[in-house]
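Working notes, structure below.
The values are calculated or read from the model by the stated rules, or taken from the named source; none is laboratory data. Here the structure is a predicted model, which is why all the values come from computation and not from measurement. Because the Cβ atoms are built from the backbone with ideal geometry, glycine has one as well, and the counts that use them run over all protein chains shown.
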Amino acid sequence: MFLLRGDDGGYWAGVLLQLPPRRGTPGRPVMLLLHADRLDGSGMFFDFKPWLWGGIAVLGLSLAFWTPFVWSITRYLRRLTSAADLIASGHFQVSLPHRRNDELGNLGRAIESMAARLDHLVSGQKRFLGDAAHELCAPLARIRTALGILETRLSDTNPTLLSSIEADTTELAALIDEILAFSRTGNRQPVPRAVMLETLIREVLARESAELETEVRVPEGLAVTTDPTLLGRALGNLVRNAAIHAGPHAHVEFEAIESPEAISISVTDNGPGVPADELPRIFEPFHRLDRARSRETGGCGLGLAIVRSAIEACGGEVQASLHAAGGLRITLRLPKALGLPAST
């Protein structure tokens, strides 16, 4: 049997048949030729429709069977991805459904267990820093008291040496204060209330920016629901950071932008900025761009870490970028206040 396309555009089919013998004549083979305009011979050669409908039926059954299964996998994978992003951003309280008993379910339980261990580790580290700093306060206070008594007795003998020791103890006291502030910020339970944003910024500037040139651009009447103590601490640290790196006569700009979901507060200075590859790490505790810097020029590396801890405790997030005109821009993104009375 064969099937060929003819020169006229039609199709020829040939079937070899064996004629039976008749009246002593032996049987002989003959060729039956069929011609049709279409490939299926209008149903004479073969019929496409049963195969077509059968294929559609198999495809429909496959979709009905596999779609819920694939959807369940992709939905759970999206949840795993969201949980991993939360852990990477420092939020370790993740929760995943425990209905799955397959490999993905095991992966989800492993991620939850890892997040719980990381939370315990980070919380323990902050408690250790706070406890260590607290324990150092008492002997440091006794040392400073003893130095004050000694200074009255040896003031005429070697005042330079005593001044150097006093400067070291002052620096140590400031470092302990920053460690305590970092520990308390991370472990403090926020007390949110609606506050007028411009009023809070003005209070922080009155307290921190004695010689700084500042500019505040905040929409009139803009309020945000947050812990004013934590937000004020974050803004104060940013002002002090600008004073350290941009100098006492630095220019600091505050700008607030309102969106349907959140309020973004940008704090920009005109200092030297930081290298672009260092931006993701400047919020890490004790991270300093130049290890050779002294405390007076580079701080102890806790100022921006306190900023991030304070804002994350308020349910927000922090981002650093380089300003087009030079300098560093820190953006605080906080949940928007909706329908709450503002407190001034």
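Scanning region 145-189 for residues that are outside any helix (DSSP H, G or I), under 30 Å from Ser123 (Cα atoms) and either modelled with pLDDT under 70 or touching a Cys at 6+ places or on another chain (Cβ under 7 Å) (or both) yields a count of 1. If the condition is being in a strand (DSSP E or B) and either in contact with a His (Cβ under 7 Å, 6 or more places away or on another chain) or surrounded by 10 or more Cβ atoms within 10 Å (Cβ to Cβ) (or both), then region 18-30 contributes only Val30. Does Arg79 fit the bill of being modelled with pLDDT of 85 or more, of a type in the set (D, E, K, R) and exposed (fewer than 15 other Cβ atoms within 10 Å of the Cβ)? Considered against the rule, which asks whether it is modelled with pLDDT of 85 or more, of a type in the set (D, E, K, R) and exposed (fewer than 15 other Cβ atoms within 10 Å of the Cβ), Arg79 comes out as no.
If you filter region 307-321 down to residues that are within 20 Å of Val224 (Cα to Cα) and of a type in the set (A, V, I, L, M, F, W, C), you find that the one that is surrounded by the most Cβ atoms within 10 Å (Cβ to Cβ) is Ala310. Among the numbered conditions (1) modelled with pLDDT under 80; (2) under 23 Å from Pro219 (Cβ atoms), the only one that Val318 does not meet is (1).
No other residue among Pro260, Pro341 is exposed (fewer than 13 other Cβ atoms within 10 Å of the Cβ), in a loop (DSSP other than H, G, I, E, B) and modelled with pLDDT under 80 apart from Pro341.
Assess whether Gly41 counts as being in contact with a His (Cβ under 9 Å, 6 or more places away or on another chain), modelled with pLDDT under 75 and surrounded by 10 or more Cβ atoms within 10 Å (Cβ to Cβ). Criteria met by Gly41. For region 84-103, the tally of residues that are within 19 Å of Ile73 (Cα to Cα) and either surrounded by fewer than 15 Cβ atoms within 10 Å (Cβ to Cβ) or more than 22 Å from the chain's Cα centre (by Cα) (or both) stands at 10.
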